[in-house]
Amino acid sequence: MQITSTAVVKVREMGDKHQPAGYGLRIIVDLGGPEGYFYDLDFETAEKPGDHTLVADGLTVYVDEKSWQRFGNGTVDYVETADFSGFHFENPDQPKGPAQDAGLAERIQWLIDAEINPAVAGHGGNVRLVEVQDNNVHLEFGGGCHGCSSSSVTLKQGIEVRLREKFPELGEIVDVTDHSTGANPYFSH
């Protein structure tokens, strides 16, 4: 992993004003975002168990194991152009989504795999694309989401919102799960 000297200078400009002496930088790479990964930076004062720690131009950088696996070959830079000003993450290991001309079902499946399932996995659940028919999406909930009393909220306020943001052409988004057969729901009815 590399942090450019330009990025280190910008981190120091921000940190020296508002952070305690001895601060470092935490790099966080999580599942999500339009390209499969979500990148974040935060100030940190100490290493956590399991962290990878490196020093870039005198700045201590902390990276948890999962973020290291996702971004260990990456580079953090700071870029200023007429159109963009901010930290830029170059990641040769970033998952590649489907081609722009891929079918709607393939693009929806990518979003489910890259963003939705990692989010519902925290409750032991998963979502499966059953079919896309006439732009209507049929989903099935599994694991802790199968029979969960909050599955309709998860669908309407989480999954449906994200699917419509990404694919405004969608018709109905339907849960086809028989929730009465859920063996181990996260929240029982």
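Just so you know, all these numbers are worked out from the coordinates, no wet-lab data involved. Keep in mind the model is a prediction, meaning the values are calculated, not measured. Using ideal geometry, Cβ is built from the backbone for each residue, glycine included, and neighbour counts are taken over all protein chains shown.
Report the GluC sites (Glu not before Pro) located in region 85-189 that are in a DSSP loop and have at most 11 other Cβ atoms inside 10 Å of their Cβ, or state none. Before the final figure, lay out each step's value.
Numbers: sites: GLU90, GLU106, GLU115, GLU131, GLU140, GLU160, GLU165, GLU169, GLU172; in loops: GLU169, GLU172.
Here the GluC sites (Glu not before Pro) that fit, given the DSSP loop and packing criteria, are GLU169, GLU172.
Rounded to the nearest 0.05, what FRET efficiency is calculated for LEU170 and ALA121 with R0 set to 22 Å and r the Cβ-Cβ distance? Mind showing how you got there, number by number?
Details: r = 23 Å, r/R0 = 1.06.
Step by step, r from the Cβ atoms, then E = 0.40.
What number, rounded to the nearest 500 deg cm²/dmol, is the helix-based mean residue ellipticity at 222 nm of the chain, given -39500 (n - 2.57) per DSSP H run of at least four residues and division by all its residues? If you can, show how the numbers build up before the last one.
On the way: 5 runs with 40 residues, N = 189.
Value at 222 nm, helices only: -5500 deg cm²/dmol.
I need the Debye-formula profile for region 138-189: one equal scatterer per C-alpha, no solvent, reported as log10 I(q)/I(0) at q = 0.13, 0.17 1/Å, two decimals.
Results for region 138-189 at q = 0.13, 0.17 Å⁻¹ read -0.31, -0.51.
Cut-off 10 angstrom, C-alpha nodes, Gaussian network model of the chain. Which of HIS123, HIS138, HIS18 fluctuates the most?
Among HIS123, HIS138, HIS18, the largest mean-square fluctuation in the Gaussian network model of the chain belongs to HIS18.
Taking DSSP loops as anything outside H, G, I, E and B, show the longest stretch in the chain free of chymotrypsin sites (Phe, Trp or Tyr not before Pro) there with at most 14 other beta carbons within 10 Å. Display every interim value, and only then the final one.
Numbers: sites that count: PHE84, PHE187.
Counting only loop sites that pass the neighbour cut-off, the longest clear stretch is 85-186.
For region 2-90, take the convex hull of the Cα atoms, compute a quarter of its surface area, and give me that in nm², please. Please list the in-between numbers first.
Values: hull surface 24.5 nm².
Mean projected area for region 2-90: 6.1 nm², to one decimal.
Could you work out which residue, out of GLY24, GLY86, GLY72, moves most in a Gaussian network model of the chain, that is, has the largest mean-square fluctuation with Cα springs under 10 Å?
The residue with the greatest mean-square fluctuation here is GLY86.
For region 70-114, take N as its residue count and report Rg(C-alpha) divided by 2.2 N^0.38 Å. Before the final figure, lay out the partial values.
Numbers: Rg = 14.5 Å, N = 45, 2.2 N^0.38 = 9.3 Å.
Working it through for region 70-114, the quotient is 1.55.
Run the simple label-point estimate for ALA21 and ASN73 please: 7 Å along Cα→C-beta, distance reported in nm.
Placing both labels 7 Å along Cα→Cβ, they lie 4.1 nm apart.
Could you work out the percent of alpha carbon pairs in region 44-189 separated by over 18 Å, rounded to a whole number? Present the calculation step by step, with values, prior to reporting the outcome.
On the way: 7129 of 10585 pairs.
Result for the distance tail: 67 percent.
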